[in-house]
Amino acid sequence: MDYEDIGQGPAVAGEVQEFVESEVLPVEREYLGSGPVPDAEIAALREEARERGLYAPQVPEEYGGLGLGFREMLPVFEEAGRSLLGPAALRCAAPDEGNMHTIELAGTEEQKDRWLPALARGEISSGFAMTEPSDGAGSDPKMLQTTAQKDGDEWVINGHKWWTTGGVDADVLLTFARTDHDAHPYEGCSVILVPADTPGVEVIRGIPHMGETLEGTEHAEIRFNDVRVPVENTLGEEDEGFTLVQQRLGPARLTHCMRFAGMADRALDIATAYLAERDGFGESMADKQGPRFDIADHRTSLHAVRTMVRHAAAQIDAGSEARIEVAMTKTYTANVVQDAIDSALQYCGGNGIGRDLPLANFYENVRQFRIIDGADEVHKRSIAREAFSEPKTEELEAITRYGEFWRDGSGSRQPTCRTRVEKERGAWAPEV
Ligand SMILES: Cc1cc2nc3c(=O)[nH]c(=O)nc-3n(C[C@H](O)[C@H](O)[C@H](O)COP(=O)(O)OP(=O)(O)OC[C@H]3O[C@@H](n4cnc5c(N)ncnc54)[C@H](O)[C@@H]3O)c2cc1C
């Protein structure tokens, strides 16, 4: 399928495809079922990516990346997503990818110099600490409980976070805290850069969960106990954290869509290869109409996903927040890729459940996507709010309502009351 991607995107994506096939997949196959992959293996893949000029496609050149624009990186991220290790090997995995982008977007020169080069080189890592256990911030971020109080030129942070991806090993935590305690719940919050070795930062545990990652990423529960950092560690404008988080999450949701689209594409490739090879009941499984139609439906939905991602990415690239487009794309993608991977696993039978193929890992991994970065329901809420914002009441002019009668004297259908709007204006009285 040709998506007419722009700039260096198609050329780099082609090279990444070759890199993933020849370098990344052999490591993935070696560790499926026995992972996590040792850090040294990831480091070796990164070195190979550097030598091929493919390392950190989204990171600006001054920090050692390729400096691709948002639309250019799109097909590259799709190719990287075909392997569970591809994004880590290319240094374009969540959450560092989104965190680097946020620091680049909102950081002061000092903050960028301190964190970005080392993050880009993969020498250090980061976490984004927003979600809190119940009854703190989750789907509803205005329930945020973590606070940062000013004491002279320091923030004193107290709170309890969890599901901070990469937080167990992170060197810096982008921490979301309430900084103006009198503001409206949707305002008065800030993102603060907290070095993870600051006294009072207590990593309680890596949360046990389904789908342990092949590259060993853990999701941390963290307490902040009177954690003191300079006020100058505020990332972006003080009290404007919600705006910054939105700016982070829009592109980050789409890059997740790109990587997962690659994963679903590979899952379907594996399933079609298996069906084509496997015989049963006197014919090839690939000749049975059920699987054929199913694969056709998943291919069609995945094409829709990739088209939607490109549309939303173009909007973001043009400077729009594209909130509704991103919400639609994220929710639709999460469901399409989940269904595609589920079918791919089904059609590989026992091989789908086993770990000689990556489908079991894909299946466990993809399930989170309907919850992270805003659960389906949260995005549908936004889409529905927009959809219901200006109902076209004039479309209902012709319907009959209780107590209204039709005149047909002239032969033309004329209701005594044309619209509910008219009724509300008091310009209507029922004929009786
Ligand atoms: C693997 C993984 C990685 C994560 N990484 C990070 C991270 O790096 N940083 C971070 O800060 N957080 C992270 N999270 C947390 C994630 O963002 C939250 O789990 C998510 O926002 C949902 O919040 P919650 O778990 O508190 O669910 P809740 O807010 O308790 O919601 C529970 C469920 O209620 C339903 N629901 C919610 N709102 C509505 C509504 N308006 N209408 C109808 N139904 C609704 C949904 O089905 C939702 O799943 C991660 C989570 C996972 C699982």
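The values are calculated or read from the model by the stated rules, or taken from the named source; none is laboratory data. Since this is a predicted model, take the numbers as computed values, not measurements. Note: ideal-geometry Cβ built from the backbone for every residue, glycine included; neighbour counts use all protein chains shown.
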*Report whether or not Glu232 is away from the ligand (no atom under 15 Å from the Cβ) and not polar (S, T, N, Q).*
yes
*When Cys348 is evaluated against the numbered criteria (1) surrounded by 19 or more Cβ atoms within 10 Å (Cβ to Cβ); (2) touching an Asp or Glu at 6+ places or on another chain (Cβ under 9 Å); (3) over 29 Å from Gln246 (Cβ atoms), which criterion, by number, is the only one it fails?*
(2)
*in a loop (DSSP other than H, G, I, E, B), within 16 Å of the ligand (Cβ to nearest atom) and in contact (Cβ under 8 Å) with a residue 12 or more places away in the chain: does that describe Ser139?*
yes
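Got a sec? Which of Met143, Met130 is closer than 23 Å to Phe224 by Cα, in contact with a strand residue (DSSP E or B) (Cβ under 8 Å, 6 or more places away or on another chain) and either outside the structural domain of Gly35 (by TED's automatic domain parsing) or surrounded by 24 or more Cβ atoms within 10 Å (Cβ to Cβ) (or both)? If you could, list the steps in order and put the result at the bottom.
Details: Met143 fails: in contact with a strand residue (DSSP E or B) (Cβ under 8 Å, 6 or more places away or on another chain).
Result: Met130 is the single residue among Met143, Met130 that is closer than 23 Å to Phe224 by Cα, in contact with a strand residue (DSSP E or B) (Cβ under 8 Å, 6 or more places away or on another chain) and either outside the structural domain of Gly35 (by TED's automatic domain parsing) or surrounded by 24 or more Cβ atoms within 10 Å (Cβ to Cβ) (or both).
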*Just a yes or no: is a residue in segment 29-36 hydrophobic (A, V, I, L, M, F, W, C) and touching a helix residue (DSSP H, G or I) at 6+ places or on another chain (Cβ under 6 Å)?*
no
*Specify which of the listed residues (Leu144, Leu105, Leu173) is more than 12 Å from the ligand (Cβ to nearest atom) and either closer than 23 Å to Gln368 by Cβ or of a type in the set (A, V, I, L, M, F, W, C) (or both).*
Leu105
*asked:* Which numbered condition in (1) crowded, with 18+ Cβ neighbours inside 10 Å; (2) on the phi < 0 side of the Ramachandran plot is the only one that Gly14 fails?
replied: (1)
_Can you tell me which residue is nearest to the chain's Cα centre (by Cα) among those in segment 206-258 that are of a type in the set (Gly, Ala, Ser) and in a strand (DSSP E or B)?_
Ala220
*Pairs under 8 Å by beta carbon, first residue in the same structural domain as Leu32 (by TED's automatic domain parsing) and free of Cβ contacts under 8 Å to residues at least 24 places away in the same chain in segment 364-390, partner outside any loop (DSSP other than H, G, I, E, B) and more than 10 Å from the ligand (Cβ to nearest atom), six or more apart or different chains?*
none
_Looking only at residues that are among the aliphatic types (A, V, I, L, M) and under 18 Å from Tyr186 (Cα atoms) in segment 111-136, which one is nearest to the ligand (Cβ to nearest atom)?_
Met130
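Here's the yes/no breakdown for (1) outside the structural domain of Asp135 (by TED's automatic domain parsing); (2) in contact (Cβ under 8 Å) with a residue 24 or more places away in the chain:
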site	(1), (2)
Trp155	no, yes
Lys161	no, yes
Arg178	no, yes
Asp182	no, no
Pro199	no, yes
Glu212	no, yes
Glu218	no, yes
Leu235	no, yes
Gln247	yes, yes
*Give the residue, chosen from Gly282, Gly236, Gly290, that is within 30 Å of Gln145 (Cα to Cα) and of a type outside the set (Val, Ile, Thr).*
Gly236
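Run down Val168, Val156, Val194 and say which single residue is at pLDDT 95 or above, more than 11 Å from the ligand (Cβ to nearest atom), touching a strand residue (DSSP E or B) at 6+ places or on another chain (Cβ under 7 Å) and assigned to a loop (DSSP other than H, G, I, E, B).
Numbers: Val156 fails: assigned to a loop (DSSP other than H, G, I, E, B); Val194 fails: assigned to a loop (DSSP other than H, G, I, E, B).
It is Val168.
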_What's the total number of residues in segment 336-382 that are within 15 Å of the ligand (Cβ to nearest atom), charged (D, E, K, R) and assigned to a helix (DSSP H, G or I)?_
7
